[in-house]
């Protein structure tokens, strides 16, 4: 607990980084076409020059801020800024059309804050316990855990399980290029000296996530599918009345807990949590018929739930090094770039970083409340940001970001090439998040496999002897089975 | 999506086979571990999945009507996308000989035109101001040695 207080002292001294993260997150969340993952990529060039704790609190502020920011465009222009805010449109936009946009945004802000606080508490109390268990893992357990992590790539795929797995295995294939980690010999370089160092994380991340988005937005713009942001509704009064809040607290509390639990489960995320919470709120409501017409509970439930997933999703990320969704997958890549290796050793070797993260994550929720309420009146202006300036600047920042880490123009060209690849992947239903997961987890899986085999003198059965490892294989099978069922269901529907 | 899946399946299958052939040149065993094992697991999985995707695509293509395929960008849109991607690659090639201060405003101006900006003064001001701000940020604050040319 003393460590946590030291964490709060650190956060207070570095509050500006957290504030930049939260405000940046809200901005990328508000603008349709940008998301938390793009926001982290855009901040990467700056994050690599900061100390790990500051970078980590900035990223967590951005993660939470973007989750909240998505609700603003959902309410004002019926376009969710992020997929997690899709359920907020159902009641948020009808209420805005009635002239109560301010109240809808106010409830979304309060519910998001509550969801974030509950998930932050869960992160603070649950993560150290899980890390303690994970410290007992040997190479065989780690290999099994990585297999489980890699199967998640099938689930985070947008279009089909086959394409999700292909994206992930393609990511692993990319990670194999360069030098064999055990023998030190070159492999898959095809005689090209440039490929000896493999594919660096930074240009791949920037290309697949951010530059591909610039290309997609250009296509949408050119096809006339986006032009100017449409007229936004009047804001009106901001804060809900005490009576309204009294009627909402049960929904907010229940949805926050639901969101947090769903967030811990890998491959779920904010979109699933917000729709589940919306359905539960309607099921338990005394007036379910008013849902869809501007019911405040229909805004509070999805917003509490999607911000609830943030702390939950951080639990497997920092304790096991396994991301649960797209944003945490990008965050994992960013953490490795800034020199932080998530996993149980993070808790024992650098506890101050963990405590700073915990404190920053909790403090971010209060900043969301403050900045959220303050920004409600100016939010229609953010939505009118001219795309003709915004996306060219993002393009430039991305290319500079790719250059900055290794001072190499080769990385700039690589980022652009991966941008084109990411564009086709997104367009044809492959998953960029799976590719990144493969690129990150593949080498760890290979390393742990080699370690396990060396320690057992080449006996492959060592991989299946431990009950923990077997448990992970079962979870991996369940993860693939679950995705397969979900895919079949969606095909039938 | 059927026909495009067949194309992806075949391309990825061919790539996997290329890597597969390369894997067979690795030493068989060294110090108790076989360096071929992990790459082969990955490549066999990728080969199987590519074949699966191609077969799925084939079955879907039979059901789909002609013209229902989600099209690749065409006409003006395709040209714009190629120019933007080409502009990014050209930037990588030219930023060292031209220098950051000269190459960056050109790239921003090009992207602004592609995104529909038509006012020359606005394009000039934004591209120059943004380049100067980024130069200050990366060079001045983060000490990143941005490319400088004979001109700058």
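Values for this structure:
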read-out	value
Residue that is modelled with the highest pLDDT, among those in region B:1-32 that are in a loop (DSSP other than H, G, I, E, B) and more than 11 Å from every other protein chain (Cβ to nearest Cβ)	B:24
Single residue of region B:104-149 satisfying the filter (in contact with a helix residue (DSSP H, G or I) (Cβ under 6 Å, 6 or more places away or on another chain) and touching a residue at least 40 places away in the same chain (Cβ under 8 Å)) that is farthest from residue A:401 (Cα to Cα)	B:149
Lone unmet requirement of (1) under 21 Å from residue A:38 (Cβ atoms); (2) buried (at least 24 other Cβ atoms within 10 Å of the Cβ) for residue A:271	(2)
Neighbours by Cβ (under 7 Å, 6+ apart or cross-chain): first from region B:71-95, within 7 Å of chain A (Cβ to nearest Cβ); second surrounded by fewer than 18 Cβ atoms within 10 Å (Cβ to Cβ)	B:77/A:223
Condition met for residue A:215 (more than 12 Å from chain B (Cβ to nearest Cβ), farther than 30 Å from residue B:25 by Cα, modelled with pLDDT of 85 or more and buried (at least 16 other Cβ atoms within 10 Å of the Cβ))	no
From the options B:89, B:84, residue that is surrounded by 20 or more Cβ atoms within 10 Å (Cβ to Cβ) and modelled with pLDDT of 95 or more	B:84
From A:36, A:69, A:61, residue being out of contact with any strand residue (DSSP E or B) (no Cβ under 7 Å at 6 or more places or on another chain), under 21 Å from residue A:432 (Cα atoms) and away from chain B (no Cβ under 14 Å)	A:36
Some residue of region B:33-56 being touching a helix residue (DSSP H, G or I) at 6+ places or on another chain (Cβ under 7 Å), outside any helix (DSSP H, G or I) and over 19 Å from residue A:217 (Cα atoms)	yes
Residue B:52, sole failed condition from (1) more than 8 Å from every other protein chain (Cβ to nearest Cβ); (2) modelled with pLDDT of 90 or more; (3) more than 23 Å from the chain's Cα centre (by Cα)	(1)
Qualifying residue in region A:232-249 (condition: part of a loop (DSSP other than H, G, I, E, B), modelled with pLDDT under 85, out of contact with any helix residue (DSSP H, G or I) (no Cβ under 6 Å at 6 or more places or on another chain) and under 23 Å from residue A:78 (Cα atoms))	no
Failed item in (1) closer than 30 Å to residue A:194 by Cα; (2) buried (at least 18 other Cβ atoms within 10 Å of the Cβ); (3) within 14 Å of chain B (Cβ to nearest Cβ), with residue A:331 passing the rest	(3)
Residue match in region A:431-439 (condition: surrounded by 18 or more Cβ atoms within 10 Å (Cβ to Cβ) and either in contact with a strand residue (DSSP E or B) (Cβ under 7 Å, 6 or more places away or on another chain) or more than 21 Å from residue A:152 (Cβ to Cβ) (or both))	no
Some residue of region A:67-78 being assigned to a helix (DSSP H, G or I) and surrounded by fewer than 23 Cβ atoms within 10 Å (Cβ to Cβ)	yes
Residues satisfying the stated conditions in region A:79-97, i.e. at pLDDT below 85, more than 21 Å from residue A:255 (Cα to Cα) and part of a helix (DSSP H, G or I)	A:97
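The values are calculated or read from the model by the stated rules, or taken from the named source; none is laboratory data. Values in this document were obtained by computation on a predicted structure and should not be read as measured data. Neighbour counts run over all protein chains shown; Cβ positions are idealised from the backbone, glycine included.
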